[in-house]
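The values are calculated or read from the model by the stated rules, or taken from the named source; none is laboratory data. Since the model is a prediction, treat every value here as computed from it, not as a measurement. Glycine gets a Cβ as well: all are built from the backbone with ideal geometry, and neighbour counts include every protein chain shown. Ligands, DNA and RNA are stripped out before the accessible areas are found, and what is left, the full protein with its side chains, is counted by its heavy atoms. Shrake-Rupley method; radii C 1.70, N 1.55, O 1.52, S 1.80 Å.
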Amino acid sequence: MKRTPEKIHILRDLADEGATVSQAARALGISIPTAQGWAAAELIVFPTRVQASKRAWADPEVRARMSEARKRAWADPEVRARMNEARKRALADPEVRARIKAARAGAPGVVVPSWIPAGLEDEYLEVAADQDEFAAARHIRFLKREMERARG
């Protein structure tokens, strides 16, 4: 499909309205990479999916529709069983549990290095939340040295 001024105008209007690249591509009947290429060539900036989602959730009508859909889904015993099973599988994964632990400690996205003893993980996450991961590693190394001195 050829790039025409009319299609570029539509692409620009969709971006201004807050549509994502995939929504614009669907509206124009072109592939997503083509829409991305046209947008890049014309310096058109589309919102990310996260930005579009935040904007949608700010709309009370959308929020009510999604809430109603979620209630209907959870009322279905089959859906509820599938969701509970998926949750159990996710929580069985040590990486998922570590991400949850880090987020609860106030350090989302922080991964505890494998060299840190299990007893000092909470300390590491606490310092990482207050300062950064480098300071937390420095602190844990200090604690490990002190523990070695106390034993020796």
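Rg/Rh for the chain stands at 1.19; both radii use Cα atoms, and Rh follows the Kirkwood definition. Taking the C-alpha atoms only, the angle from helix 133-151 to the longest principal axis of the chain is near 20 degrees. Mean separation of Cα pairs under 8 Å and 6 or more residues apart, divided by the residue count, gives the chain a relative contact order of 11 percent. Lysine pairs in the chain whose alpha-carbon atoms fall under 29 angstrom of each other, counting only those eight or more residues apart or on distinct chains, come to 8.
With both labels modelled 7 Å from their Cα along Cα-to-Cβ, the THR48 to ARG65 distance reads 2.4 nm. When GLU123, GLU6 are compared by accessible surface with a 1.4 Å probe, the order from highest to lowest is GLU6, GLU123. Ranking ALA81, PRO94, SER114 by how far each Cα lies toward the positive end of the dipole of the stretch 80-152 (charges on Cβ) leaves ALA81 at the top.
Under a model in which nothing but the beta-carbon of Lys, Arg (+1) and Asp, Glu (-1) is charged, the chain shows a dipole of about 420 debye around its Cα centre.
Mind pulling the angle between the C-alpha long axis of helix 77-92 and the longest principal axis of the chain? Nearest 10 degrees, somewhere in 0 to 90. Tilt relative to the chain: about 40 degrees.
For THR34, neighbours were defined as the other residues whose beta-carbon sits under 14 Å from its Cβ, and their charges (Lys and Arg +1, Asp and Glu -1) total +3.
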